[in-house]
Amino acid sequence: MFAFLYWLGDEPIANVAANEPLGLFYFSVETLATVGYGDMHPQTHYGHFIATIEIFTGMSFLAVMTGLIFARFRRPRARFIFAENPVVTIHQGKPTLMIRIANERNDTISQATARLWLARMATTVEGVEYRRFHELLLDRREHPVFMLSWSLFHTIDETSPLYRMTPVDLAAADAILALNVSGVDDNSAQNLQARKLYSHQHIRWNYRYRDITSVSKEGRLVIDYAVFHEITPK
């Protein structure tokens, strides 16, 4: 486009024989990239005017591209640790599905939310099989300041889709647990999202997670991530 504008002028660029379009194109590329080798240069007011516009266009384009590339590679990625196995244990005197997650990043995640879904095969009265999704309500689905670990609890009562289901029932229904976690990174103010899928084979019944917290000699809370995935019989 700028080469065409130069071509409209009366030899606006020096050292371009007979306003050759290809030579004007090369000059336009050098100007847009702010290179300027020096052998070709504007020699008329019209040439300087078009070159000025092209220089500002090139600088703006470079700034926008730099910002987009930086934003793309600087965008933080969620680094959540999900326990390898969900467990079904007794919590507060009731059967409870429990999943433990942790924040592997050193910064804080605000407005963290978690949603847990159960997907299983079902059959209509016409005999057609399809996959149904049921949300498993969590005792606490929001975390105001997610820094270290977070234990999610779903009470298996009369309102739960898992009520009176056994490992055999889940296997027959080809059940899958889908856990979605999201939040806002405090450093970049950008949203983080992560997802973890568990098959029915990953669920451990009558187990609980090993405690990962302890207190140091200085009285500080210590998190031992080396045993994060370990489970023990209840």
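The values are calculated or read from the model by the stated rules, or taken from the named source; none is laboratory data. Just so you know, these numbers come straight off a predicted model, no measurement behind them. We place every Cβ from the backbone using ideal geometry, glycine too, and count neighbours over all the protein chains shown.
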Please note which strands (runs of 3 or more DSSP E) are completely contained in segment 75-175 and include at least 3 residues that are at pLDDT below 95 and charged (D, E, K, R).
129-136
Candidates Ala194, Ala189, Ala178, filtered to the one that is in a loop (DSSP other than H, G, I, E, B) and within 22 Å of the chain's Cα centre (by Cα)
Ala189
Can you tell me which of Arg208, Arg164 is charged (D, E, K, R), closer than 14 Å to Pro86 by Cα and over 29 Å from the mean Cα position of the chain (by Cα)?
Arg208
I need the full set of residues from segment 154-176 which are farther than 17 Å from Pro95 by Cα and in contact (Cβ under 8 Å) with a residue 40 or more places away in the chain, in order please.
Ala173, Asp174, Ala175, Ile176
From the list Ser151, Ser110, which one is under 22 Å from Gln92 (Cβ atoms), touching a strand residue (DSSP E or B) at 6+ places or on another chain (Cβ under 6 Å) and surrounded by fewer than 18 Cβ atoms within 10 Å (Cβ to Cβ)?
Ser151
Can you find, within segment 177-217, the residue that is surrounded by the fewest Cβ atoms within 10 Å (Cβ to Cβ) among those that are without any contact (Cβ under 8 Å) to a residue 40 or more places away in the chain and out of contact with any Asp or Glu (no Cβ under 9 Å at 6 or more places or on another chain)?
Lys217
